[in-house]
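Everything on this sheet refers to the single structure shown next.
Each reported figure results from applying straightforward, stated rules to the coordinates on display, with no laboratory input. The structure displayed is predicted, hence computed values, not measured ones. Cβ placement follows ideal geometry from the backbone for every residue including glycine, while neighbour counts extend to all protein chains displayed.
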Amino acid sequence: MSINLPAWFVWAALSACFAALTAIFAKAGVRDIDSDLAMAVRTIVVALLVVPFVLVAGKWSNPFVLPMRAKAFLLLSALATGASWLCYFRAIQIGDLSKVALVDKASVVLVLLFAVAFLGERPSGRDWIGILLVLSGLGLLVMRR
């Protein structure tokens, strides 16, 4: 029996697995150092890995000739990523990873809401029910017992 999964699903599932490992490794990494320094080291390592990969794959092009709209949104994305990582690293340094990760996953709900507001996406009724279930689950998991 063969399961034919869409390519986007495979990549998204791999992303989720690596994100989970990222959280575990980051929590262990911030145990003895400042969270901002830890994030800076992580960012440098990511750049040292991704830039050569893009070069070797033959995907590099001059970033200065990219369309202005693309550059503006990539800059905004980078700023949002940096802010997210700074907050995340601080949170995992002072809190339980299992709790921080749950709150962090509220981003799933925010992505849907922002996609509706800013990108004009129109989720189905089933999508909205799923988001309500995610929110309900998050609420149950983060409530004090």
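At a glance:
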| read-out | value |
| --- | --- |
| Over region 1-123: Kirkwood hydrodynamic radius from C-alpha pairwise inverse distances, Å | 17.2 Å |
| Top positive-direction residue, dipole computed over the chain with Cβ charges, set Ile33, Phe9, Ser77 | Phe9 |
| Cβ charges +1 (Lys, Arg) and -1 (Asp, Glu), total dipole of the chain, debye | 160 debye |
| Whole-number percent relative contact order across region 2-145, with pairs defined as alpha carbons under 8 Å at least 6 apart | 28 percent |
| Unit Cα scatterers, Debye sum, region 105-145: log10 I(q)/I(0) for q = 0.19, 0.21 Å⁻¹ | -0.57, -0.66 |
| Inter-probe distance in nm under a simple model that places probes 7 Å from Cα toward Cβ, at Leu102 and Leu66 | 3.7 nm |
| Within region 88-109, backbone nitrogen closer than 20 Å to the virtual label 7 Å beyond the Cα of Asp36 toward Cβ | 88-95 |
| Kyte-Doolittle mean at least -1.0 and Cα axial length at least 15 Å: DSSP H helices in the chain | 7-29, 35-56, 68-94, 107-119, 125-142 |
| The chain - mean residue ellipticity at 222 nm from DSSP helices (-39,500 (n - 2.57) per run, n ≥ 4, rounded to 500) | -26000 deg cm²/dmol |
